[in-house]
Amino acid sequence: MILRGFEEEIISDIVLNERKRWLVVCGTLLLLGFVLALRGPECFMVDAHGLISHLQYGTEEEDGSPFVVIPLLGKFKNEDGERWHLMLSVSKTASGFEVRKWVESLAHILRLEDNMSGPAFCYSDGTLIRSFEIDLEFHTALERIQAENAHLIEPGVEVRESFSIFRSLRRGSTSRATELKLSDTVVNLHNRWRSVDYLGGQRSQRSMRDYYTSIRLTRAARLDYTLNL
């Protein structure tokens, strides 16, 4: 419902372009945080160059679901000099989240502004957005839902105390995975990069070629998590 509200503003003729840009950024961050089960700080690791350069992959899949690649840039570097961890999401989840559409909208903005490197979630000048501003938008949307749909968020719940991008997105995602009875194998594979791909901030000693091969071979299993959300 949050994204639906954002979309209504984005297509409105009376909403300023600056506001529309902000909603695309916020909406994409909230969506990726949920479908990828990211902890709050991890949302801000999405890399602009990596995101744009990987958009070509997954658009047409004959043997499975179309997907989109989300590169995270952290404090790690491997022997080939690349520093991305590549996460995968289906282009559209079972419940209708249009991940590729939001990601492509964000990439379009980044290209127009020539923000082709650095954080994907940035202001128009390329600087990283501040988390409290995302939280403010998140809280405002949740309070609107609470006022209009009390069966979703009870009136007595203090939204600003109970919800935050630093805990609610990942918690909501894993709770949904539990409701759907996704196997531990699927959940662990989706989240394995925190404990396997990066050890103490350093990628294991695999080359990028081996890393890409591993992702390709396990792609179907990796996509199972996001497919079912």
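The values are calculated or read from the model by the stated rules, or taken from the named source; none is laboratory data. As the structure is a computational prediction, the values presented were derived from the model and not from experiment. Backbone-built Cβ (ideal geometry, glycine too); neighbour counts: all protein chains shown.
Among the residues of the range 198-208, are any outside any strand (DSSP E or B) and modelled with pLDDT of 85 or more? No: zero hits.
Residue 115 falls short on exactly one of the conditions (1) touching a strand residue (DSSP E or B) at 6+ places or on another chain (Cβ under 7 Å); (2) closer than 23 Å to residue 177 by Cα, and that condition is (2). Where residues in the range 65-99 are small (Gly, Ala, Ser) and at pLDDT below 90, which of them is surrounded by the most Cβ atoms within 10 Å (Cβ to Cβ)? The residue in question is 65. Condition first: under 15 Å from the mean Cα position of the chain (by Cα) and buried (at least 18 other Cβ atoms within 10 Å of the Cβ). Can you find one or more residues in the range 140-149 that meet it? No, that holds for no residue.
Results for (1) among the aromatic types (Phe, Trp, Tyr); (2) out of contact with any His (no Cβ under 7 Å at 6 or more places or on another chain), shown as yes or no for each residue.
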{"position": "123", "(1), (2)": "yes, yes"}
{"position": "130", "(1), (2)": "no, yes"}
{"position": "134", "(1), (2)": "no, yes"}
{"position": "137", "(1), (2)": "no, yes"}
{"position": "146", "(1), (2)": "no, yes"}
{"position": "151", "(1), (2)": "no, yes"}
{"position": "156", "(1), (2)": "no, yes"}
{"position": "159", "(1), (2)": "no, no"}
{"position": "164", "(1), (2)": "no, yes"}
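Residue selection: residue 169 fails the criterion of being hydrophobic (A, V, I, L, M, F, W, C), more than 18 Å from the chain's Cα centre (by Cα) and closer than 19 Å to residue 95 by Cα.
Sub-8 Å Cβ pairs linking a first residue in the range 82-103 that is farther than 15 Å from residue 65 by Cβ to a second residue that is among the aromatic types (Phe, Trp, Tyr) and in a strand (DSSP E or B), at least 6 apart or interchain, are 85/198, ordered by first then second residue. With a requirement of 2 or more residues that are more than 20 Å from residue 226 (Cβ to Cβ), the helices (runs of 4 or more DSSP H) lying completely within the range 1-73 that satisfy it span 2-10, 17-35, 48-53. Restricting attention to the range 17-64, the residues that are crowded, with 19+ Cβ neighbours inside 10 Å and either of a type in the set (S, T, N, Q) or at positive phi (or both) total 3. Hey, can you tell me all the residues within the range 88-126 that are part of a loop (DSSP other than H, G, I, E, B), farther than 25 Å from residue 1 by Cα and aliphatic (A, V, I, L, M)? The answer is 116, and nothing else. Would you check which residues across the range 100-139 are surrounded by fewer than 17 Cβ atoms within 10 Å (Cβ to Cβ), at negative phi and acidic (Asp, Glu) and list them? If the condition is that a residue be surrounded by fewer than 17 Cβ atoms within 10 Å (Cβ to Cβ), at negative phi and acidic (Asp, Glu), then 113, 125, 133 are the ones that fit.
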